[in-house]
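Beneath this line is the structure, given in structure tokens, with notes to follow.
The values are calculated or read from the model by the stated rules, or taken from the named source; none is laboratory data. Everything quoted here is computed from the prediction, not taken from an experiment. When we count neighbours, we look across all protein chains shown, and the Cβ atoms used for this are built from the backbone with ideal geometry, even at glycine. Side chains included, ligands, DNA and RNA excluded: accessible areas come from the protein's heavy atoms. Shrake-Rupley method; radii C 1.70, N 1.55, O 1.52, S 1.80 Å.
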Amino acid sequence: MPLRWQEVALPLITITLLIVLKHVPATAALPLARAAGVVAFGYAAFLALRLVQPEEAIMVEGGWAELRPSLVEYFACYGAAALAAVLLFAVIVMGHAASTAQLVATYLAVLLLGAGAFAVGVAGLFTNTRWDHRQVKHRSALGRETALDWSDVRSVRPNWRGITISGTSGRITFSQFHGGAAQLARHAATRARRNAEAATRAFAA
């Protein structure tokens, strides 16, 4: 699946903001240049893993095709959690030698990284999306299951959470970083177009 503009804009804006803050007197003492380097390294790793993201889903028993978390999601979740743990350990061990501004900035970074790791886990790693010739099913990280018949699908749209398949009886959102996400998006778009054509013909008749 091709890169979306958000995947390019977010790291560039983050790095630019860190560079600008480095020249602001109130935040000049913070290790913002090092943070920008970490962001740049993480984005390079993200792009490399994005290239090996599987385009096709995994076939499982019963004729179902299933999305699987990709290396991008594992890297984002566990990498962010590990970095948050390292920063927290550094604050605990060396907190007495750091300034108040550095401690506050580090704690904020720990909270943001922890929240990001949790969000990736809940939205990607611990969900399940599968489909067959009749319907598509999604189980959330909390165990809530949603099923849509292909005949009910009306639209497929990208959003900030991933890709949403909307139907008359509900909607399903899955991560665009899943292995096989491109295949499911194409299949759902084809079904939505066919349903729209069938509805148009039925109305014309």
Next on the checklist: Among the numbered criteria (1) open to solvent by less than 50 Å² (accessible area, probe 1.4 Å); (2) modelled with pLDDT of 90 or more, which one does Ala82 miss?
Outcome noted: (1)
Checklist outcome for this item: Of the conditions (1) over 20 Å from Ala117 (Cα atoms); (2) surrounded by 13 or more Cβ atoms within 10 Å (Cβ to Cβ), the single one that Pro69 does not satisfy is (1)
Checklist entry - Can you find a residue in segment 14-25 that is touching a residue at least 60 places away in the same chain (Cβ under 8 Å) and surrounded by 12 or more Cβ atoms within 10 Å (Cβ to Cβ)? => result no
Next on the checklist: I'm trying to understand the selection: among the residues of segment 50-98, which are closer than 22 Å to Lys137 by Cβ, in a helix (DSSP H, G or I) and touching a Gly at 6+ places or on another chain (Cβ under 7 Å)?
Outcome noted: Glu73
Item to check | So Thr173, is it in a strand (DSSP E or B), under 22 Å from Leu71 (Cβ atoms) and open to solvent by 20 Å² or more (accessible area, probe 1.4 Å) | outcome: yes
Item to check | Residues being in contact with a helix residue (DSSP H, G or I) (Cβ under 7 Å, 6 or more places away or on another chain) and either closer than 27 Å to Gln53 by Cα or surrounded by 13 or more Cβ atoms within 10 Å (Cβ to Cβ) (or both) - total across segment 30-41 | outcome: 6
